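In what follows, a structure is listed as structure tokens, so that the remarks can point back to it.
The values are calculated or read from the model by the stated rules, or taken from the named source; none is laboratory data. These numbers come from a predicted model, not from an experiment. Don't worry about glycine lacking a Cβ; one is built from the backbone with ideal geometry, like all the others, and counts go over all protein chains shown. Calculation scope for accessible area: heavy atoms of the full protein, side chains included, ligands and nucleic acids excluded. Shrake-Rupley method; radii C 1.70, N 1.55, O 1.52, S 1.80 Å.
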Amino acid sequence: MPFTTRVGRWSANHPWLAITAWLCFVVASVVGGSLVGTVKATTQDSLHGELARADRIEQAGAFPAAPAVESVLITARTGELDLEGARAVAAGLSTQLRTMPEVARVADPVTSPNRDAVLVEVEMTGVAKDADARVGPLLEAIGRAQQRHPDLWVEQVGSASLSKALTETLAADFVKAELISVPVALVILLFSFGALIAAGVPVVLALSAVAGAMGLAQFASHIFPAGELVSSIILLIGLAVGVDYSLFYLRREREERARGRDHRSAVEIAAATSGHAVLVSGVAVMVAMASLFLVGDNAFSSMATGSILVVGVAVIGSLTVLPAILVILGRWVDRPRVPFLGRRIQRAERSRFWAVVLRPALRAPLPTFVTSVGVLVVVAIPALEMNLKRPTSTDLPRSIPILRTYDRLAQAFPGNDLGTSHVVAIRTDAAGGPAVEREIAELAARIEGDSRFAQDRPPTVRRSADGRVFLATVRVAGASDSSDATLSLRRLRDELVPQTVGTVAGTEWAVAGRTASDADFRDRMAAALPPVVAFVFGMAFLVMLVTFRSVVVALTSILLNTISVAASYGLLVLVFQHTWAEDLLGFTSNGAVVSWLPLMLFVILFGLSMDYHVFVVSRIREAVQRGVPTRQAIEQGIVSSASTVSSAAIIMVAVFCIFATLSIVEFKQLGVGLAAAILIDATIIRAVVLPSLMRLLGEANWWAPRFLTRRRRSDVTSRDSDADTQVIMVAGDR
């Protein structure tokens, strides 16, 4: 008896025990996770190469922890700035701020080069690491100063206040996503099942799976510190696969009851068929996500861990507690019915719409295959022009007030851009200190006059107490992701530093900073892509080969999933590297795609696409094993599963589209990319490309080496015997 049947039968025979065990597991995960807490990733957890070397050099210097520095900017609301009045306001504000316990030092006011702004830099007490939690009183003081001087802009911006504002924005976004996604999924399920309880069961199970995975992720964070996106990924994938898995199971159970099976037998058949598809799909998703460990970056490792946990929990819930719930509910699962929908859905065992859509693929498979694949290739072509970039402050939505302040600061004081500077870390021996200082002065002289570097402030240098470690901060003119910033980085690394500091014997150096981090990250993503793709392809082939005992099915599944991913890349470029969708989605195009997104999308989409592929091909294979000719089996399998796949895809697309409405461009791109790929996969791929390709291949679809053929025959015999047992049991019940 198949494993999923044994599990489903046990849950059906011990329903209350299965439900109690599930509730205990979820509660224990949530409570236990809260007790152990979450270890959040630090910057050091994701450092590699030259950035890691720069960090080691800085740590060797035992520099005191850098304090958080906030900038208070005073500008005119309209017209020219009354410079004397602005300086008077700055002086009074400085006196007030010095009395606050959160303030360690207040610098003298500085006038901008164009004399249109006054800047007061405020150094906070404590360290920068937790300054965002302590910056509130300072923001309130600046707010009161703004009220006293309504004719001026009196604003504050800095790493702590910016972090606080972004955290609050993200929290509000995710609350909105959670509040919208659950009702949307419930409405779609109501249209799918026509009954309130049947619609509510998948949503409840998905939310419980997400809660359990969130708790387990807190335990896992002690091994792989949690990155910023872990909770988002768990929610995104958990809702999608959790609802889908339950939907597959419930629809098959309902289908078997409509054929005359009693309730318990219908549950067991659903466990043997849809349950098996859920297990294979879950394994495929988890294997695909495991490839992210090959990147060697903590951010990807933590996202892989969270994804694997939520998919695993969703699979366990679908195979164990779902059969138990169905047995306890019995016929009540179809209550209360939605007027007009319930009866119509129960009568719609065969989808006429999908039968019509499928007709060209079955009657003219070659033209249909060539045309559909050609269209998808055309859609994918823009992906060849994909530009990759890590988002910066300029890509954040200007609907956040502090970012408008940030823009005014960057315009008035170009050298004060919070993320635009290179840090040259230098370590020498005891005798090399004076020579390094001379070479740093030479470095500053060579930078002078170069328009790619900020000229309003010279490089600043910090020296360790033992005189062996130096940190030289070189400011850049413009944004950290600009071409000037990248060129200045290359000049520092390839020319200026080697020709100055690098000439001192016994000296080690490295150039870090935001621009260096972005450039090195892009290089690391490019290096990681080939092994990740190879791993995903290889493991997906093995999973499909073991599942279907067919080399052809395994190869075609990889081909079709690759086509859908490529098409989604093309759409992503069309939407976000151009400006036509800016007003529609509420973003400003920076002409690029987030640098970590292609790799992440490939892995997630390849795993999620397996859901539909396994489910559809399983139905086709069932028909073939019953002796139905391949052409007819293709039609039966796709038409019988079309409504289920459509409902599952609509839910996934809806959830992903909600993420496209969030404020941050990274989540917009993630949501659009996932939604586009799932939509393409569930429609064009599964209803047009797949049937036309299988129709062309005919009996060759099931080709396999002899040892797999023998095993497949054994599986068929075992399944037929189990089916006979179920039929006899049904007859006995009657």
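Residues considered: Ala211, Ala226. Of these, the only one that is buried (at least 22 other Cβ atoms within 10 Å of the Cβ) and in contact (Cβ under 8 Å) with a residue 40 or more places away in the chain is Ala226.
Specify which of the listed residues (Ala355, Ala380) is surrounded by fewer than 19 Cβ atoms within 10 Å (Cβ to Cβ) and over 26 Å from Ala454 (Cα atoms). Let's see the steps before the verdict.
Values: Ala380 fails: surrounded by fewer than 19 Cβ atoms within 10 Å (Cβ to Cβ).
The unique qualifying residue is Ala355.
Consider region 505-524. How many of its residues are over 17 Å from Thr486 (Cα atoms) and touching a strand residue (DSSP E or B) at 6+ places or on another chain (Cβ under 7 Å)?
Selection size over region 505-524: 3.
For region 567-581, the count of residues that are out of contact with any Cys (no Cβ under 6 Å at 6 or more places or on another chain), assigned to a helix (DSSP H, G or I) and at pLDDT below 90 is zero. Could you grab me the full set of residues in region 114-134 that are assigned to a loop (DSSP other than H, G, I, E, B) and not charged (D, E, K, R)? Once the filter is applied, which keeps residues that are assigned to a loop (DSSP other than H, G, I, E, B) and not charged (D, E, K, R), region 114-134 yields Asn114, Thr125, Gly126, Val127. Listed by first and then second residue, the pairs linking a residue in region 500-520 that is assigned to a helix (DSSP H, G or I) and charged (D, E, K, R) to a residue that is open to solvent by less than 30 Å² (accessible area, probe 1.4 Å) and at pLDDT 85 or above, with Cβ atoms under 7 Å apart and 6 or more places separating them unless they lie on different chains, are Asp520/Leu51. Hey, could you check region 321-347 for residues that are surrounded by fewer than 16 Cβ atoms within 10 Å (Cβ to Cβ) and assigned to a helix (DSSP H, G or I) and say which is modelled with the lowest pLDDT? Within region 321-347, the match that is modelled with the lowest pLDDT is Arg347. Just one of the numbered conditions (1) closer than 30 Å to Leu443 by Cα; (2) open to solvent by 10 Å² or more (accessible area, probe 1.4 Å); (3) in contact with a Lys or Arg (Cβ under 9 Å, 6 or more places away or on another chain) is not true of Pro498: (3).
One residue stands out among those in region 620-659 that are basic (Lys, Arg) and part of a helix (DSSP H, G or I): the one that is modelled with the highest pLDDT, which is Arg621.
Could you check, for region 168-178, whether at least one of its residues is farther than 30 Å from Thr661 by Cβ, part of a helix (DSSP H, G or I) and hydrophobic (A, V, I, L, M, F, W, C)?
Our first condition is that a residue be farther than 30 Å from Thr661 by Cβ; within region 168-178, this holds for none.
No, the conditions are met nowhere in region 168-178.
Exactly one residue among Thr562, Thr588 is polar (S, T, N, Q), assigned to a helix (DSSP H, G or I) and open to solvent by 30 Å² or more (accessible area, probe 1.4 Å), and that residue is Thr562.
Using the structure shown, decide if Ser232 is surrounded by 24 or more Cβ atoms within 10 Å (Cβ to Cβ), polar (S, T, N, Q), in a helix (DSSP H, G or I) and within 22 Å of the chain's Cα centre (by Cα).
On the way: surrounded by 24 or more Cβ atoms within 10 Å (Cβ to Cβ): no; polar (S, T, N, Q): yes; in a helix (DSSP H, G or I): yes; within 22 Å of the chain's Cα centre (by Cα): yes.
When the stated conditions are applied, Ser232 does not pass them.
Selection of region 135-159 for residues being open to solvent by less than 60 Å² (accessible area, probe 1.4 Å), among the charged types (D, E, K, R) and in a loop (DSSP other than H, G, I, E, B) yields an empty set.
Would it be correct to say that Val69 is of a type outside the set (S, T, N, Q) and open to solvent by 50 Å² or more (accessible area, probe 1.4 Å)?
Numbers: of a type outside the set (S, T, N, Q): yes; open to solvent by 50 Å² or more (accessible area, probe 1.4 Å): yes.
Yes: the conditions hold for Val69.
Screening region 432-451 for residues that are hydrophobic (A, V, I, L, M, F, W, C) and touching a residue at least 60 places away in the same chain (Cβ under 8 Å) and picking the one that is farthest from Ala477 (Cα to Cα) gives Ala435.
Please work out if Ala271 is more than 19 Å from Val184 (Cβ to Cβ) and surrounded by 24 or more Cβ atoms within 10 Å (Cβ to Cβ).
Numbers: more than 19 Å from Val184 (Cβ to Cβ): yes; surrounded by 24 or more Cβ atoms within 10 Å (Cβ to Cβ): yes.
When the stated conditions are applied, Ala271 passes them.
Annotation: of all residues in region 459-483 being part of a loop (DSSP other than H, G, I, E, B) and more than 18 Å from Pro434 (Cα to Cα), the one that is least open to solvent (accessible area, probe 1.4 Å) is Ser480. When region 388-439 is filtered for residues that are crowded, with 20+ Cβ neighbours inside 10 Å, more than 32 Å from the chain's Cα centre (by Cα) and either hydrophobic (A, V, I, L, M, F, W, C) or within 23 Å of Leu119 (Cα to Cα) (or both), the ones remaining, listed by number, are Ala412, Phe413, Pro414, Val424, Ala425, Ile426, Val436. Checking the stated criteria, Val120 turns out to be in contact with a Leu (Cβ under 7 Å, 6 or more places away or on another chain), within 19 Å of Arg77 (Cα to Cα), at pLDDT 90 or above and surrounded by 12 or more Cβ atoms within 10 Å (Cβ to Cβ).
Residues that are over 39 Å from the mean Cα position of the chain (by Cα), farther than 30 Å from Val423 by Cβ and modelled with pLDDT of 90 or more number at least 3 in the following helices (runs of 4 or more DSSP H) confined to region 1-113: 83-97.
Only one of these is closer than 28 Å to Pro113 by Cα and either in contact with a helix residue (DSSP H, G or I) (Cβ under 7 Å, 6 or more places away or on another chain) or not hydroxyl-bearing (Ser, Thr, Tyr) (or both): Arg463, Arg493, Arg457. Name it. Break it down stepwise before answering.
Values: Arg463 fails: closer than 28 Å to Pro113 by Cα; Arg493 fails: closer than 28 Å to Pro113 by Cα.
Just a single option satisfies the conditions, and that option is Arg457.
Does region 448-458 contain at least one residue that is outside any helix (DSSP H, G or I), among the charged types (D, E, K, R) and closer than 30 Å to Ile664 by Cβ? Even if it seems obvious, please write down each step before you answer.
Let us first name the residues in region 448-458 that are outside any helix (DSSP H, G or I), namely 448-458.
Narrowing further to those that are among the charged types (D, E, K, R): 448, 450, 452, 456-457.
Next cut, closer than 30 Å to Ile664 by Cβ only: 452.
So far as region 448-458 goes, yes, one or more of its residues are outside any helix (DSSP H, G or I), among the charged types (D, E, K, R) and closer than 30 Å to Ile664 by Cβ.
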